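The structure under discussion appears below in the form of structure tokens.
The values are calculated or read from the model by the stated rules, or taken from the named source; none is laboratory data. Please read these numbers as outputs of a predicted model, since none were measured by experiment. Every residue, glycine as well, gets a Cβ built from its backbone with ideal geometry; the counts of neighbours run over all protein chains shown. Only protein heavy atoms, including side chains, enter the accessible area calculation; ligands, DNA and RNA are left aside. Shrake-Rupley method; radii C 1.70, N 1.55, O 1.52, S 1.80 Å.
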Amino acid sequence: MGRTQRCLLWLKVKLFIFNLIFWLGGCGALGVGLWLSLSQGRFSALSLSLPSLGVAGLVMAAGAVAMALGFLGCLGAASEQRCLLLTFFVVLLTIVLLELSGGLAFYACRGQFDRYAQADLKSGLRRYGAPGEPALTQAWDTVQTEFRCCGVQNYTDWFEVRNGTGVPESCCLVLGAPCSSLGAAWWKEPCYEKVKSWVGENVWAMGIFAACIAVVQVLGLVSSMLMYCQVLKVEKYYH
């Protein structure tokens, strides 16, 4: 076995292992997304404009794409087909560029996103308790009870939609106690900030996962291009 063939074999094994890890990571992300959709589905009705594009849906979509891309990479590495290797490289590079663009856009517009999210949630308060909105009503009751908060930005958000008549019972310090008109017996902290703080405290796990995926993606790009060049070199040598 010549030096070029040994190098090709090493790259083939390396690329196959990387893509196997990538595929397994996609399986894990898909599982996490399914778990989020089942365990946190009761919060999905809070947003009126984008009820289906929650964190769970994004994680499941990312997992499905990672699984498909990992399978394509494994197939390209095993078969040593230049077409598959180049397709894998182009698709993966496109995904990496989209991830970078999306991350930068979100970071640059995070203030606008906060304002939009709060306005969207406030619009949902107006439909609290309305006929045909049991999911939204239950979602707000669950959030306010579990996070011990009241309203989006302040408990006074409820005054704007209930004509100053008070707050829902889920804002009460003691659940089930009649406190809708007793200000001293309400949760005072805003729900948006409490949920945002909770997400920030638990985002490290997602950050570690994203960093690992980024490393695998970069290594996959380098390995696939090196293997493409080696396959091309072998083909020219034998022809």
One finds, for A135 and D114 with R0 = 25 angstrom and r their Cβ-Cβ distance, a FRET efficiency to the nearest 0.05 of 0.55
Under 26 Å from the Cα of K14, which lysines turn up, not counting those fewer than eight places away in the same chain? K233, K236
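Ordering L104, L15 by accessible area with a probe of 1.4 Å, largest first, what comes out?
Values: L104 125, L15 0 Å².
Largest accessible area first, the residues go L104, L15.
Figure the gain on full extension for E99 and E201 (residue separation times 0.36 nm, minus the Cα-Cα span) and round it to one decimal in nm. Mind dumping the intermediate values first?
Working: separation 102, 0.36 × 102 = 36.72 nm, distance 2.26 nm.
The E99-E201 span can extend by a further 34.5 nm.
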Expressed in nanometres to one decimal, the distance between label points 7 Å along Cα→Cβ at L232 and F106 is 3.5
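Any chance you could run the full-extension gain for L221 through F209? It's 0.36 nm times the residue separation minus the Cα-Cα distance, nm to one decimal.
My answer for the length gained is 2.5 nm.
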Can you bin segment 52-113 into rounded, prolate or oblate? Criterion: square roots of the alpha carbon gyration tensor eigenvalues sorted a ≥ b ≥ c, rounded for a/c under 1.5, prolate for a/b above b/c, oblate for the rest. oblate
